[in-house]
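*Asks:* One structure, pasted below without further comment.
The values are calculated or read from the model by the stated rules, or taken from the named source; none is laboratory data. Because the structure is a prediction, the values reported are computed rather than measured. Positions of Cβ are backbone-derived with ideal geometry, glycine not excepted, and every protein chain shown enters the neighbour counts. These area figures cover heavy atoms from the full protein model, side chains too; ligands, DNA and RNA do not enter into them. Shrake-Rupley method; radii C 1.70, N 1.55, O 1.52, S 1.80 Å.
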Amino acid sequence: MSEKKVMLGNEAIARGAYEAGVKVSSAYPGTPSTEISENLVKYPEVYCEWAPNEKVAMEVAIGASISGVRSMASMKHVGFNVAADPMYTVSYIGSNGGLVAVVADDPGMYSSQNEQDTRQICRAAQVPVLEPSDSQEAKDFMKLAFELSEKYDTPIVLRTTTRLAHSQGLVVLEDRVVPEDKPYERNIGKNVMMPGNAIKRHLVVEQRIKDMAEDANTLKVADKGASKDIPLNRMEINDTKIGFITSGIPYTYVKEACPNASVLKLGLVHPLPKKLIKEFAEKVDTLYIFEELEPVIEEQVKAMGIKCIGKEAFTLQGEYSANLLRRTVLKEDLNINKPADVPARPPLLCPGCPHRSVYTVLNKLKIHAAGDIGCYTLGAVAPLSVVDTTICMGASISSLHGMEMAKGKDYIKNWVAVIGDSTFMHTGVNSLMNMVYNQGTGTVIILDNSTTGMTGHQDHAATGKTLQGKVVPAINIMGLCKSMGIEHVQEVNAFDIKKLEEVIKEEVARDAVSVIITKSPCALLKEVHFPNKCVPVPEKCKKCGMCLKPGCPALTRNDDGTISIDATMCNGCGLCKNLCPFEAIETVEK
């Protein structure tokens, strides 16, 4: 009997890649996709790496595919924007060894700056999309994706979402089957996308999409529970008064809330099986299109002249649920209790976080920060209130340069760009290069906490350790900045607030590009140990509140105006002690 295991969706995707014989995987960490690579690296037969960004990851996978092996790249939806450049072109080139991009969308924006729908990008790029509904399908669809990639000579996108990525389900495990490497054959017309070749390949792509749409009804996946193959796109005909066309996680909501309804479950969401859709629509009285985010399926169904109900009944924003169906379709009075009246818990920088120290100094100096993607975005909220902008990875430096070009040097004398070490390696390098090349004068603060913090402490090119655990030479950030011709590069301990204040004042006053590297490790890194903790000295406390200004959650004010420090939370960074002018806080050994 086959082994069964409860798996996260991301864990099942990794297992599917392993079973499919994948040999090369490249990715950049991004919630909700991160755990795919973290699970795949557990299989020593697969080469896994963290790339500096998603564009590089996609190109690594493409190179491996061209050479004849099955390969993949994993990313979150906004990372797919970064990878779009190679993806749009490899759609024309196609694949040799199977080529799959796993893209994790984030309905509800639990950890993202927007709520975009990957299916729209894939339609524009003419790349087929598979969408699983549970962990078992996540594994099975991953294996099917490689088969389809090789059969139709195309990259395939496996689209997942936060709910699927981080929910668990029972998965039947199978053996790894490694197909024979495909031979590399030099083919300039197929692999070199100069205009003359691309024009011809575009015709191939158009035909490929038509062929897949025609063949969709014959595509099948193994049903492990019933020991048989079932259609990838399938009709489940029950009560025909109500019918749903749906896919992915929303399919599970339909089955929970409306178990007796008829359903057309789509596993291949691009291209759509139009004949099957028409056949299903004729069988039901009222047709609903139940899809999260954009009306990708709905608009195509309506364009076919089929009457259906979609976004006029269901929201464009956020995650769907079974309760949404109960309210909207079944008209049930759910009588859901009002949420408990509990105190708000806004996200905070951790106790001992070096970013808090940097923002405390910037706040004191009344300096605005053009921000970036990472933990340090929390510097936008009170009480630190320093970060004024957050756009996308690497944009802090570029947007600060844009401000200077628009308003002049004097305008940015009370501005800096802040960016993390991982984000700097991702796309900050290019932005800094542009600032140097076009003679900007901005000050960039690289908040080097020795990890990719927000996604769970992944390594990157400047940490000196690979995804596979190999110790390698670390990229020297200071040396990299100096190699661009930047003369003024200083490294400062983030918790040395006197030195930091001095350096920031000095650098923002310059009429030249300058870089400050605040180097202190993330407080949550396993190898970071704090030998001390901070304790208050109540008899010296003047109740001024200076120590409370950085908003460290370990500190609270007592009824009498003095402060308490929670020993279980304090990491002994000493920021509060350094801010106290009355020596009312001291450090002691833990």
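*Asks:* If only one of Gly402, Gly428, Gly440 is more than 27 Å from Val24 (Cα to Cα) and part of a helix (DSSP H, G or I), which one is it? Step through it out loud before you land on a result.
*Replies:* On the way: Gly428 fails: more than 27 Å from Val24 (Cα to Cα); Gly440 fails: part of a helix (DSSP H, G or I).
Sole residue among the options that is more than 27 Å from Val24 (Cα to Cα) and part of a helix (DSSP H, G or I): Gly402.
*Asks:* Checking Ala584 against (1) over 20 Å from Ala382 (Cα atoms); (2) open to solvent by 30 Å² or more (accessible area, probe 1.4 Å); (3) modelled with pLDDT of 90 or more, which single condition isn't satisfied?
*Replies:* Failed condition: (2).
*Asks:* Would you point out the residue of the range 442-453, among those that are open to solvent by 10 Å² or more (accessible area, probe 1.4 Å) and among the hydroxyl-bearing types (Ser, Thr, Tyr), that is farthest from Met393 (Cα to Cα)?
*Replies:* The residue in question is Ser450.
*Asks:* Let me ask another. What pairs can you find where one residue is in the range 321-341 and more than 13 Å from Phe290 (Cα to Cα), the other is at pLDDT below 75 and open to solvent by less than 40 Å² (accessible area, probe 1.4 Å), and their Cβ atoms are less than 7 Å apart, with a gap of 6+ or different chains?
*Replies:* Between residues of the range 321-341 that are more than 13 Å from Phe290 (Cα to Cα) and residues that are at pLDDT below 75 and open to solvent by less than 40 Å² (accessible area, probe 1.4 Å), there is no close pair.
*Asks:* Additional query: Quick one: Gly456 ticks every box in (1) touching a helix residue (DSSP H, G or I) at 6+ places or on another chain (Cβ under 7 Å); (2) at pLDDT 95 or above; (3) open to solvent by 20 Å² or more (accessible area, probe 1.4 Å); (4) within 30 Å of Lys549 (Cα to Cα) except a single one, so which number is it?
*Replies:* (2)
*Asks:* Before we move on, is Gly79 in a helix (DSSP H, G or I) and without any contact (Cβ under 8 Å) to a residue 12 or more places away in the chain?
*Replies:* Numbers: in a helix (DSSP H, G or I): yes; without any contact (Cβ under 8 Å) to a residue 12 or more places away in the chain: no.
No, not satisfied.
*Asks:* A follow-up question, please. Take the range 232-277 and flag every residue that is of a type in the set (Val, Ile, Thr), part of a strand (DSSP E or B), free of Cβ contacts under 8 Å to residues at least 60 places away in the same chain and open to solvent by 30 Å² or more (accessible area, probe 1.4 Å). Even if it seems obvious, please write down each step before you answer.
*Replies:* Let us first name the residues in the range 232-277 that are of a type in the set (Val, Ile, Thr), namely 237, 240, 242, 245-246, 249, 252, 254, 263, 269, 277.
Subsequent filtering for residues that are part of a strand (DSSP E or B) retains 240, 242, 245-246, 263, 269.
Keeping just the survivors that are free of Cβ contacts under 8 Å to residues at least 60 places away in the same chain gives 240, 246, 263.
Residue satisfying the conditions is Thr240 alone.
*Asks:* Kindly indicate whether Leu480 is touching a helix residue (DSSP H, G or I) at 6+ places or on another chain (Cβ under 9 Å), closer than 30 Å to Ser33 by Cα and assigned to a helix (DSSP H, G or I). Talk me through it step by step, then tell me what you get.
*Replies:* Values: touching a helix residue (DSSP H, G or I) at 6+ places or on another chain (Cβ under 9 Å): yes; closer than 30 Å to Ser33 by Cα: yes; assigned to a helix (DSSP H, G or I): yes.
Taking the combined requirement at face value, the residue satisfies it.
*Asks:* Another question about this same structure. Please list, ordered by first then second residue, the pairs with beta carbon atoms under 9 Å, 6 or more apart or interchain, first in the range 56-67 and without any contact (Cβ under 8 Å) to a residue 12 or more places away in the chain, second of a type outside the set (Asp, Glu).
*Replies:* Correct list of pairs: Gly63/Val24; Gly63/Ser71.
*Asks:* Check Asn114, Asn96 and return the single one that is among the polar types (S, T, N, Q) and either part of a helix (DSSP H, G or I) or modelled with pLDDT under 95 (or both).
*Replies:* Details: Asn96 fails: either part of a helix (DSSP H, G or I) or modelled with pLDDT under 95 (or both).
Just one listed residue meets the conditions, Asn114.
*Asks:* Filter the range 467-500 down to residues that are acidic (Asp, Glu) and touching a residue at least 24 places away in the same chain (Cβ under 8 Å) and give me whichever is surrounded by the fewest Cβ atoms within 10 Å (Cβ to Cβ). It would help to see each step written out before you state the result.
*Replies:* First, the residues of the range 467-500 that are acidic (Asp, Glu): 487, 491, 496.
Among the residues that remain, those that are also touching a residue at least 24 places away in the same chain (Cβ under 8 Å) are: 487, 491.
Numbers: Glu487: 11, Glu491: 14.
Among those that are acidic (Asp, Glu) and touching a residue at least 24 places away in the same chain (Cβ under 8 Å), it is Glu487.
*Asks:* For Gly485, state whether it is more than 27 Å from the chain's Cα centre (by Cα), on the phi > 0 side of the Ramachandran plot and at pLDDT 95 or above.
*Replies:* Working: more than 27 Å from the chain's Cα centre (by Cα): yes; on the phi > 0 side of the Ramachandran plot: yes; at pLDDT 95 or above: yes.
When the stated conditions are applied, Gly485 passes them.
*Asks:* Hey, could you check the range 378-399 for residues that are in contact (Cβ under 8 Å) with a residue 60 or more places away in the chain and open to solvent by less than 50 Å² (accessible area, probe 1.4 Å) and say which is nearest to Pro354 (Cα to Cα)? Walk me through it before giving the result.
*Replies:* We begin by selecting, within the range 378-399, every residue in contact (Cβ under 8 Å) with a residue 60 or more places away in the chain; these are 382-384, 390-393.
Filter again for open to solvent by less than 50 Å² (accessible area, probe 1.4 Å), leaving 384, 393.
Values: Leu384: 13, Met393: 20 Å.
If we take residues in the range 378-399 being in contact (Cβ under 8 Å) with a residue 60 or more places away in the chain and open to solvent by less than 50 Å² (accessible area, probe 1.4 Å), then Leu384 is nearest to Pro354 (Cα to Cα).
*Asks:* Working carefully through the options Glu292, Glu312, find the one that is loosely packed, with under 12 Cβ neighbours inside 10 Å, acidic (Asp, Glu), assigned to a loop (DSSP other than H, G, I, E, B) and modelled with pLDDT of 90 or more. Don't jump to the end; show me each part of the working.
*Replies:* Numbers: Glu292 fails: loosely packed, with under 12 Cβ neighbours inside 10 Å.
Result of the check over Glu292, Glu312: Glu312.
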